[in-house]
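See structure below.
What follows draws every value from the coordinates through simple rules; no lab data is involved. Computed from a prediction, not measured in an experiment: that's the story for all the values here. A quick note on method: Cβ atoms are made from the backbone with ideal geometry, for glycine too, and the neighbour counts reach across all protein chains shown.
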Amino acid sequence: MLYIVATPIGNLEDITLRALRVLGEVDFIAAEDTRETRKLLFKYKIKKPLFSYYKDNERKMAGKILQLLKEGRKIALVSDRGTPGISDPAYLLVKLVREAKIPVASIPGACA
C-alpha cells in the first residue's frame with residue numbers, strides 16, 4: 001500500500017492524528033526533502049527508514065519504491081510541505097503504482 005500523506009504547511013503541530021498514525025505504521029517513508037521530514041519525525045518520535053524521492057531522482061526511485069510495494073511493504077510518500085502531487089514529484093510514482101494494481105490511499109491534512 002502506498003500512502004500519500006499531507007504534512008504541515010507551516011506549524012508542525014498542524015499534522016493530523018491519522019497522518020501520524022500512518023507514518024508510525026509504514027515500513028518506509030519516501031520524502032521530497034529528508035531534512036524537513038526528519039524534523040517532523042523527530043518531533044513526534046517516529047523512527048522509520050527514510051529515503052529521498054524528489055524531482056531529480058524520481059525515475060530511479062519510483063522503480064525501487066514500486067518493487068518494495070510489490071513485496072508487500074507499506075510506504076508513505078510525503079513532500080516537505082502539503083500534499084505530494086500538487087507541486088511535488090508524485091505523479092509518476094502514483095501512476096506506476098496504480099498500473100501495478102497496488103492500493104493507494106490519500107491521507108489529507110490541513111490546507112492553506
Degrees separating the helix 34-43 axis from the principal Cα axis of the chain, which is the longest one: 50 degrees
So for the range 1-50, Kirkwood radius off the Cα pairs, Stokes-Einstein at 10 °C and 1.306 mPa s: how many µm² s⁻¹? 144 µm²/s
Calculate how many DSSP beta bridges within the range 2-107 are antiparallel, expressed in % of all such bridges and rounded to the nearest 5. 5 percent
Points 7 angstrom from Cα along the Cβ direction at Glu99 and Cys111: gap in nanometres? 2.9 nm
Work out the FRET efficiency for Glu13 and Asn57 from their Cβ-Cβ distance, taking R0 = 35 Å, and round it to the nearest 0.05. 0.70
How many angstrom separate the Cα center of the range 54-75 from the Cα center of the range 1-39? 17 Å
Need one number: convex hull volume per residue for the range 38-95, Cα atoms only, in Å³. 91 Å³
Using Cα-Cα distances under 8 Å and only pairs 6 or more residues apart, what relative contact order does the range 16-103 have, in percent? 35 percent
Histogram of C-alpha separations across the range 1-86, 10 Å bin width, %: 18, 57, 23, 2
Given H placed on each backbone N at 1.01 Å, which residues far from Ile4 in sequence or on other chains put an amide H within less than 5 Å of it? Leu77, Ala105, Ser106, Ile107
Ranked by GNM mean-square fluctuation in the chain (Cα springs under 10 Å), the top entry among Ile65, Ile15, Ile102 is Ile102
